[in-house]
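These notes are about the structure you will find just below.
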Amino acid sequence: MSEPSGPGLVVETVGATATVTISNPAKRNAMTVAMWRDLPGLLDGLAADPAVRVLVLTGAGGTFCAGADISGLRDPAGGPGATQSAAVEAEEALAAFPKPTLAAIRGFCVGGGCQLAAACDLRFAAEGARFGVTPARLGIVYPASSTRRLMGLVGPATAKHLLFSAELIGHDRALRTGLVDEVLAEDELDKRVEEFAGVLASRSLLTQAAAKEFTAPGLDPARVGHWARQAEGSKDTAEGVAAFLEGREPRFTWTVEG
């Protein structure tokens, strides 16, 4: 995987897993406005790639993401309004990604970094990771969609604690409140993420894509019929049953519509 010459997003695909790495080490992988704006298009390309079945989001070095690049907030072209708009668009694109997404978190996962992690389906963290939602330090109104997504993970009380105080919490409280799904020793995180991504890639993407829609807020009832038709036209069910009866691993072929 080659590092960008400046702040940017690095994509590496190994097998069926695409890893997107947030890379801005000089600023603890803070997201610039350009990085926020690049993410939706990058995700569109990975969604359309039938070889990609799982997306892992992580940070370069020992930090996931320290949030938005604050220096850009004083730039008229990248001030708070532009930054927040780009961040919300990126967050929504990540949440809507039609394949399973997993955040692999080390070090600081703060502000916009926590916003991105919360938009992933699952979050695995290394021991020592620190989490925070910090707009109250800057006098910024946290986006309504981001607030609701955070509350859906941790509940109203913890969401208020994080938003009101802007304090950082450790991996133990993040696990207890549902902000992360698993905590691993530092030297075990990569192996666990790789293994679990392999498990996800071996399962039916049809099942996973439908489950993503069904568990998201605001489900359109018409989409239930859509997924019923997808299931009827797919060979995944027949393959899954046959594999079970024959004692072998299934070979699912359904892919996301272009």
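Remarks
- Considering residues of region 28-44 that are surrounded by fewer than 20 Cβ atoms within 10 Å (Cβ to Cβ) and in contact with a helix residue (DSSP H, G or I) (Cβ under 8 Å, 6 or more places away or on another chain) only, the residue nearest to TRP254 (Cα to Cα): ASP44
- No other residue among ALA242, ALA209, ALA216 is among the aliphatic types (A, V, I, L, M), surrounded by 13 or more Cβ atoms within 10 Å (Cβ to Cβ), under 19 Å from THR17 (Cα atoms) and not assigned by TED's automatic domain parsing to the domain that holds THR101 apart from ALA209.
- Pairing residues of region 59-79 that are under 7 Å from ASN29 (Cβ atoms) and surrounded by 14 or more Cβ atoms within 10 Å (Cβ to Cβ) with residues that are at pLDDT below 60 and among the charged types (D, E, K, R), at Cβ distances under 9 Å and at least 6 apart in sequence or on separate chains, gives ALA60/GLU3.
- Residues considered: GLN208, GLN230. Of these, the only one that is polar (S, T, N, Q), free of Cβ contacts under 8 Å to residues at least 60 places away in the same chain and part of a helix (DSSP H, G or I) is GLN230.
- Screening GLU194 against (1) in a helix (DSSP H, G or I); (2) not assigned by TED's automatic domain parsing to the domain that holds LEU55 leaves a single unmet condition, (2).
- Selection of region 210-258 for residues being closer than 21 Å to LEU46 by Cα, out of contact with any Phe, Trp or Tyr (no Cβ under 8 Å at 6 or more places or on another chain) and of a type in the set (Gly, Ala, Ser) yields ALA211, ALA216, GLY258.
The values are calculated or read from the model by the stated rules, or taken from the named source; none is laboratory data. Model, not experiment: these values are computed from the prediction. Here the Cβ is made from the backbone with ideal geometry for all residues, glycine too, and neighbour counts use every protein chain on show.
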